[in-house]
Amino acid sequence: MSILCGVPILECVYCLGCARWLWKKCLYSAGHESENWGLATAEEFAPVPRLCRLILSVYEDDLRNPLWAPPGGYGINPDWVVVKRTYEDTGGCAAPYMIYLDHDNADVVLAIRGLNLAKESDYAVLLDNKLGQTKFDGGYVHNGLLKAAKWVFDTECELLRDLVEMNPDYRLTFAGHSLGAGIVSLIVMYAVQNPDRLGNIERKRIRCFAMAPARCVSLNLAVRYADVINSIVLQDDFLPRTTTVLEDVFKSIFCLPCLLCLMCLKDTCTLEEKKLKDPTRLYAPGRLYHIVERKPFRIGRFPPVVRTAVPVDGRFEHLVLSCNATSDHAIIWLERESQRALDLMLGKDRIMEIPAQQRMQRQESLAREHNEEYEAALRRAVALEIPRAAYSPSYGTFAEVEKGEGSGSSSGARSSLLSFKRMKERWDNFIERLFDVDESGRMVFKKSST
């Protein structure tokens, strides 16, 4: 009898928990996740719209007579297409892809299309995974995506090696959308682990652009490979935020209230520290670029802003209740908004009339800042005790830093002091480039050399 009396109390607690979760979700905006991130520059973001168009071109049967070209076309030369694989060629082991030799941008590009809702083989790749099933390089990865990545790499590694060796000044770029984004992310990780199969290519010549990726790597791998993997997310896109196992999502399509109840209980009862220390929990890979174009309680789209960071905590942890959660996942919208954002960046640069020499200095400074941010993210992961965050046998580790600095508090103070010194040096260099000291000792603007 006493047990039955407690049932209404449990129901009330559950309803209050659901109401709290729903209230937080309704007030939550995707722009909050990246509000403290830095702004991306035109130089680092320039490849994104071009690679989106290249991914879109994989959907075409005949590139010389395209049917779904975006405004302005794909911007590619059909004669530079080295290989184009279809579902018949891959046998369902991977999504269709294309290898393109981009002479205009000094790039060897492997582009993989996204999920085809009409193909069972694509679903089989996505559903072939259980948490903690597959280990890779000290972390965990999505089992089905890793199999597809190995198949593509084993099939095309000799061709890619020949192209890289014939064009020693070109970069090797992997790009994909949705399902393809997860595959190319794991291809890059596999390629970095096996550089001999690509002619011992240097790590700095390899890069990846994952458009709207699925969660496919554990947190330690997401941070450690942030120097070669870039993930691009448009505003409220649901897939990089989907923490529920994809198999459970598809099984719950016909019972959506059941799925929402389970997600409510999981989000409400799971502590943030426990999420971070779960080695099997998967995340979007690499450095994150967040395109924000809508504001809360506002109607319509605003000029897009691109923010970037290598976050450790707060890495797209919450689903956004938005009517645009699925449309923001579309490669068409991603290409359109990324091009708008790039045009705005280039327009600001033209207004500022940045001289060529200062533009080169800015690119060098950007590379240094990315490297420092990458190292800071690794230190942050070690400080948060992320499992295997400092393990990197081929490219160094921050375990030595942790040992040399003693306790965690002294490590934090040391890193804060270093970051302050770097900021002061950057500020001093910035002042020296813009100002001179006249005979009276006053600071005056430098005359432009152009």
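The values are calculated or read from the model by the stated rules, or taken from the named source; none is laboratory data. Computed from a prediction, not measured in an experiment: that's the story for all the values here. Methodologically, a virtual Cβ is constructed for each residue, glycine included, from the backbone with ideal geometry; neighbour enumeration extends over all protein chains shown. Note: areas computed on protein heavy atoms with side chains; ligands, DNA, RNA excluded. Shrake-Rupley method; radii C 1.70, N 1.55, O 1.52, S 1.80 Å.
For segment 334-350, the criterion of being open to solvent by 70 Å² or more (accessible area, probe 1.4 Å), farther than 27 Å from GLY180 by Cβ and at pLDDT below 85 is met by at least one residue.
Would you be able to say whether some residue in segment 155-169 is over 14 Å from ALA284 (Cα atoms), crowded, with 18+ Cβ neighbours inside 10 Å, modelled with pLDDT of 95 or more and within 20 Å of the chain's Cα centre (by Cα)? No, segment 155-169 contains no residue that is over 14 Å from ALA284 (Cα atoms), crowded, with 18+ Cβ neighbours inside 10 Å, modelled with pLDDT of 95 or more and within 20 Å of the chain's Cα centre (by Cα).
Take LYS251 and tell me if it is of a type outside the set (S, T, N, Q), surrounded by fewer than 24 Cβ atoms within 10 Å (Cβ to Cβ) and at pLDDT below 90. So LYS251 fits the description; yes.
Take the residues in segment 193-219 that are part of a helix (DSSP H, G or I) and over 15 Å from VAL109 (Cβ atoms); name whichever of them is most open to solvent (accessible area, probe 1.4 Å). In this case the residue turns out to be LYS204. Residues in segment 99-136 that are of a type in the set (Ser, Thr, Tyr) and in contact with a strand residue (DSSP E or B) (Cβ under 6 Å, 6 or more places away or on another chain): TYR100, THR134. So is LEU117 of a type outside the set (Val, Ile, Thr) and loosely packed, with under 14 Cβ neighbours inside 10 Å or not? Yes. Of all the numbered requirements in (1) among the β-branched types (Val, Ile, Thr); (2) open to solvent by 20 Å² or more (accessible area, probe 1.4 Å); (3) in contact with a helix residue (DSSP H, G or I) (Cβ under 8 Å, 6 or more places away or on another chain), VAL81 misses one, and that requirement is (3). Of the residues LEU54, LEU4, LEU10, the single one that is buried (at least 16 other Cβ atoms within 10 Å of the Cβ) and either modelled with pLDDT of 95 or more or assigned to a helix (DSSP H, G or I) (or both) is LEU54. Does LEU160 meet the test of being of a type outside the set (D, E, K, R) and either within 29 Å of ASP328 (Cβ to Cβ) or in contact with a Gly (Cβ under 8 Å, 6 or more places away or on another chain) (or both)? Spelling it out, it is not the case that LEU160 is of a type outside the set (D, E, K, R) and either within 29 Å of ASP328 (Cβ to Cβ) or in contact with a Gly (Cβ under 8 Å, 6 or more places away or on another chain) (or both).
Residue check: is THR244 at pLDDT below 90, under 21 Å from GLY182 (Cβ atoms) and either of a type in the set (Val, Ile, Thr) or open to solvent by less than 70 Å² (accessible area, probe 1.4 Å) (or both)? Yes: the conditions hold for THR244.
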